[in-house]
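The values are calculated or read from the model by the stated rules, or taken from the named source; none is laboratory data. These numbers come from a predicted model, not from an experiment. As a convention, Cβ positions derive from the backbone with ideal geometry for all residues, glycine included, and neighbour counts pool all protein chains shown.
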Amino acid sequence: MLDDNCNFEFKVKSLEDLEVNEAADFAAIFGFIDEDNYYYVMFNTMHMQTAVYRVTPTERQLVQKRYGSWITDNEYHTVQLTCDSSNVWVYLDSTAVFYCDSLETGGKVGFGSFNDAAMFDDVIIRTEPQQEEGVLGDVNDDGIVNSTDALIILSCDVGMDVTAYCPMPCGDVNLDGAVNSTDALIILSCETGIEVPYPVGEPGCPENPTPCLGCD
Ligand SMILES: [Ca+2]
Ligand SMILES: [Ca+2]
Ligand SMILES: [Ca+2]
């Protein structure tokens with residue numbers, strides 16, 4: 001089960017004899033809640049049969065059709081779907097085939113066909129990368145910001161080997177793009193109760209500040 005955002009890709013080839021079967025198809029499913037509630041996009045050999053449909057408990061609704069034949073050989077092609085909570089974008093070999101809005105796309109994704117043979121491979125479902133947060137100032141990642149963190153930064157600043165804590169993005173507590181003794185001083189000030197105008201101890205660290213000497 002996925003959340004509202006989908007990023008789904010697979011390779012597919014038709015196993016039908018396209019000289020004989022003029023309506024060979026394969027399909028991708030999205031927004032699947034149950035067998036009475038889902039969407040599918042069908043690619044078809046036949047003109048005007050490539051379309052997005054919504055299946056409901058009472059009927060199959062046409063959402064959008066596309067001109068032309070979209071299955072023209074028995075080679076592998078890449079189908080890609082991306083969706084957010086109400087839009088879906090469908091690509092075939094990087095060509096945009098459909099954009100549909102105002103859908104209810106939250107649900108499972110899948111692949112199949114309407115009534116023909118096809119082969120599927122290399123299925124990829126991408127999810128949002130987990131944000132590795134970290135706490136500003138907590139360079140040794142022990143959950144607290146204190147003089148130990150300041151010491152690590154100071155050691156690093158004079159070129160001592162502190163590789164275990166590198167690249168140390170949480171060390172740039174004044175958010176000026178560099179990790180150095182100024183940051184260590186701010187952490188020490190913080191520890192002694194001096195108020196500093198930086199979110200020391202809060203979740204979230206800057207991206208890729210210039211590392212201190214010992215991390216370089
Ligand atoms: Ca068919
Ligand atoms: Ca710490
Ligand atoms: Ca800094």
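Some observations on this one:
- Filter result (modelled with pLDDT of 95 or more and either assigned to a strand (DSSP E or B) or touching a helix residue (DSSP H, G or I) at 6+ places or on another chain (Cβ under 8 Å) (or both)) within the stretch 1-18: GLU9, PHE10, LYS11, VAL12, LYS13, SER14
- Residue match in the stretch 130-143 (condition: of a type in the set (Val, Ile, Thr) and outside the structural domain of VAL63 (by TED's automatic domain parsing)): yes
- Scope the stretch 19-67; condition within 16 Å of ligand 1 (Cβ to nearest atom), touching a Ser or Thr at 6+ places or on another chain (Cβ under 9 Å) and either among the small types (Gly, Ala, Ser) or in a loop (DSSP other than H, G, I, E, B) (or both); matching residues: ASN21, GLU22, ALA23, ALA24, ALA27, THR45, MET46, HIS47, GLN49
- SER155 out of contact with any helix residue (DSSP H, G or I) (no Cβ under 9 Å at 6 or more places or on another chain) and within 16 Å of ligand 2 (Cβ to nearest atom): no
- Qualifying residue in the stretch 81-88 (condition: within 16 Å of ligand 1 (Cβ to nearest atom) and of a type in the set (S, T, N, Q)): no
- Residues in the stretch 176-198 that are surrounded by fewer than 14 Cβ atoms within 10 Å (Cβ to Cβ) and in contact (Cβ under 8 Å) with a residue 24 or more places away in the chain: GLY177 alone.
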